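Inspection log for the structure reproduced underneath, given as structure tokens.
The values are calculated or read from the model by the stated rules, or taken from the named source; none is laboratory data. This is a predicted model, so every value here is computed, not measured. Cβ placement follows ideal geometry from the backbone for every residue including glycine, while neighbour counts extend to all protein chains displayed. Heavy atoms of the whole protein, side chains included, go into the accessibility calculation; ligands, DNA and RNA do not. Shrake-Rupley method; radii C 1.70, N 1.55, O 1.52, S 1.80 Å.
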Amino acid sequence: MTTLVLPSKVTICEVAPRDGFQAENKWIPTEEKIRIVRSLANTGVRSMEITSFVHPRAIPQLKDAAEVVRGAEDLTNIKFRALVPNVKGAERAIDAGITKLKLMLSATDSHSLSNANSLVEDAQNGFTPIIELAEKNNVKVGGSISVAWGCPYEGKVPLERIISIVDRYTKMGIEEVSLADTTGMANPKQVYEYLGVLKNEFPKMEFSMHLHNTRGMALANAFAALQQGIVLFDSSIAGLGGCPYAPGASGNVATEDLVHAFEEMGIDTGMNLDSLIATAKEVKNYFGHDGGSYMLQAGPSSALSPRVKAQEKLES
Ligand code: ZN
């Protein structure tokens, strides 16, 4: 038997409080947001994208970002990060006590215009004051690339484009970049091939994968990324999420599905699958829907053991 060498340990960042909540049209009261964040905190998660400090008019659902952050400030074993679209958002995030900011950027001009009303290059030029402010306040900054694998307006994104964006991030001193499959257009072969080149070109850069399961390929894409040694993944409890500006975009890969898949392969996530499934059920009950979760549908494969035994008894 040939052994497949994969990372022994990964870190999962829970993004439902940002990516999931912003996709919900109905107002989620602040105390309910905090309650879900606190329930997630009991699953063993150590990293969470808790909110986005966007203009309240752009995404009204997240207008209570600062209050949500304050409602979780005693959860000191979790590294909270927040998405910031501009320096004003960065100021608000830092004031609220956030110690890691994530920059927002699209891979293509079309997506950038519809998502952030600016061209990619203009958005990049806006990063300098954010990074300066973060440095002054001893706050970390990570980069992101939305629609990195495929754009709903422009189709497949060429690797050269991603390389040039990562290169610019590198020159700005950024050490971690999230590669987002915002609309579920990536495929495992592409993920494997792109990451192979990116890791080679930027050996010091930490890449993280932010996968949506719009077309059922998120777990396969995660596996391709694992094979390239990627150890940072985003996911969302109960598969909540979707970019409100991307046509047809729905559902991040569910945290419970990703953890199940990793743990089945013997990869340590540090998270507790039973607590995750319990929280996913609570979240589904509250919203009246999930965003696609195999664990909520079928349960973990380990739960089948008792039934197999019963069958054995019948046959004997
Ligand atoms: Zn997303």
**Study point:** Links that overshoot a 28 Å alpha carbon limit, given the list 156/284; 33/100; 9/204; 63/204; 63/199; 199/281
**Key:** 156/284; 63/204; 63/199; 199/281
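If the viscosity is 1.002 mPa s and the temperature 20 °C, what translational diffusion coefficient in µm²/s does Stokes-Einstein give for region 11-298 when Rh comes from Kirkwood over Cα pairs? Kindly include the intermediate steps, with their values, before the conclusion.
Details: Rh = 18.6 Å.
Translational D for this selection: 115 µm²/s.
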Practice item. Could you tell me the largest-minus-smallest coordinate of the C-alpha atoms of region 10-113 on each of the three principal axes, in descending order and whole angstroms? Key: 39, 32, 24
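Check each of the GluC sites (Glu not before Pro) in region 3-85 and keep only those in coil by DSSP with at most 14 other C-beta atoms within 10 angstrom; list them in order.
Working: sites: 14, 24, 31, 32, 49, 67, 73; in loops: 24, 73.
Passing both the DSSP loop test and the Cβ count: 73.
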Revision key, fill the gap. By the Kirkwood definition, with r running over pairs of different Cα atoms, region 1-48 has a hydrodynamic radius in Å of 13.1
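May I ask you to rank 55, 111 by accessible area, largest first, using a 1.4 Å probe over the protein chains only?
Numbers: 55 100, 111 0 Å².
Largest accessible area first, the list is 55, 111.
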Check your understanding: Which whole-number value in Å² is the accessible area per residue of the chain, probe 1.4 Å?
Key -> 46
Practice item. Give the angle, between 0 and 90 degrees and rounded to the nearest 10, that separates the Cα long axis of helix 127-136 from the longest principal axis of the Cα atoms of the chain. Key: 80
Point to revise | Accessible-area composition of the chain, carbon plus sulfur, in percent [1.4 Å probe] | key: 51
Point to revise | Amide N of region 123-157 lying under 18 Å from the label point, which is placed 7 angstrom from the Cα of residue 79 along Cα→Cβ | key: 134-135, 137-145
Point to revise | Helix 255-264 axis, angle to the chain major axis (alpha carbon atoms, nearest 10°) | key: 60
Review point. Any idea what the dipole of region 11-298 comes to, in debye rounded to 20, about its Cα centre with Lys/Arg Cβ at +1 and Asp/Glu Cβ at -1?
Key: 340
Check your understanding: What is the dipole size for region 1-144, taken about its Cα centre, with +1 at each Lys and Arg Cβ and -1 at each Asp and Glu Cβ, in debye to the nearest 20?
Key -> 340
